[in-house]
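The values are calculated or read from the model by the stated rules, or taken from the named source; none is laboratory data. Treat the numbers as computed from the prediction; the structure is a model and nothing was measured. Neighbour counts are summed over all protein chains in view; Cβ atoms, including those assigned to glycine, are modelled from backbone coordinates with ideal geometry. The accessibility values were calculated without ligands, DNA or RNA, using every heavy atom of the protein model including side chains. Shrake-Rupley method; radii C 1.70, N 1.55, O 1.52, S 1.80 Å.
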Amino acid sequence: MRRLVAGNWKMNGLLDEAMQFVAELGENPAPEHVEMALMPPFTLLHPLREALSAKGIALGAQNVYFEPKGAFTGSISPLMLRDAGCHYVILGHSERRHIIGETDDVIRTKLLASWAVGLEPILCVGEHLKEREAGKTNDVLKRQLAILEGTDSGLPLTIAYEPVWAIGTGHTATTAQVTETHAYIHEELNRLHRHCRVLYGGSVNPANAESLLACPGVEGALVGGASLKADSFMEIVQAAAKVAA
Ligand code: PGA
């Protein structure tokens, strides 16, 4: 299984900046054992489609609505994402769970709708600091992963473990915490008959990428802030290539 380094641009990026970013990635940016993906805002999906595919970089979206079409002003359907060239869609990101109020039920509906058109969801899970401090991390993860119960285990899926307290804060989880938590997630996925990649996310940067990506059970990274600049994104990709070699 190739490691995946995926850049989540969140609500950042204008057309000029995006084109400049892609130019700075160089000719053949993806090393042999690493898959690269980029999740720009919706407005940049179409413009980036060809430029990224020419460089072997997969395209993804940061969210989707679960209805196929109709009177849902402001929403984007799974088929529209496929039409724009997306392979991936991020679901259940903590910013959508906690700022927008998405529930596990809504996320499950989006998961099924994404699979229906052939998208590969990157399902984000992770606990709040209070939950970790109260020893509830595994309970939270178990509940968030339970939406996979009863789904077809042959459908494409990637999980991203992103502790909420590590996202955009500069506080990464320790390698011991990452190793322990990824082991639990893999155990839970096995119970659900799922064999898929589990990424780590939360303040991954060029300085800490190698040690985080080298943790057992970590098969890639979901990168926010450090994916906005081509050079720091590429340093993380190179770190993934180093540990994969
Ligand atoms: P961060 O974001 O790397 O800026 O912490 C990660 C994410 O939210 O996916």
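Please go through the residue pairs Lys136/Lys242; Lys10/Lys69; Lys55/Lys110 and name each one whose alpha carbons sit more than 27 Å apart in this structure.
Violating the 27 Å limit, Cα to Cα: Lys136/Lys242; Lys55/Lys110.
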> If you take the alpha carbon radius of gyration of the stretch 99-227 and divide it by 2.2 N^0.38 Å, what ratio comes out, to two decimals?
Replying inline: 1.02
> Among Pro29, Pro40, Pro78, which one shows the biggest mean-square fluctuation in a GNM of the chain, springs joining Cα atoms closer than 10 Å?
Replying inline: Pro29
>> Based on the alpha carbons, how large is the Rg to Rh ratio for the chain when Rh follows Kirkwood?
In response: 0.94
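When Rg is the radius of gyration of the Cα atoms in the stretch 44-92 and Rh is its Kirkwood radius, what does Rg/Rh come to?
On the way: Rg = 11.4 Å, Rh = 11.4 Å.
My calculation of the ratio gives 1.01.
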> Where the only charges are on Cβ atoms (+1 Lys, Arg; -1 Asp, Glu), what is the dipole of the chain about its Cα centre, to the nearest 20 debye?
Replying inline: 300
>> Tell me the mean residue ellipticity at 222 nm calculated for the chain from its helices only (DSSP H runs of n ≥ 4, each -39500 (n - 2.57), averaged over every residue, nearest 500).
In response: -11000 deg cm²/dmol
>> Over all directions, the average projected area of the alpha-carbon convex hull for the stretch 66-159 comes to how many nm²?
In response: 6.6
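Rolling a 1.4 Å sphere over the protein heavy atoms, what is the accessible area per residue of the chain, to the nearest Å²? Provide the component values of the computation, followed by the final result.
Details: 11180 Å² over 245 residues.
Heavy-atom SASA per residue in the chain reads 46 Å².
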> For the stretch 1-118, what number results from the quotient of the Cα radius of gyration and 2.2 N^0.38 Å?
Replying inline: 1.09
>> Only helices at least 15 Å long along their own axis, judged from Cα atoms, and with Kyte-Doolittle mean hydropathy of -1.0 or greater: name those in the chain from DSSP H.
In response: 104-116, 175-191, 230-244
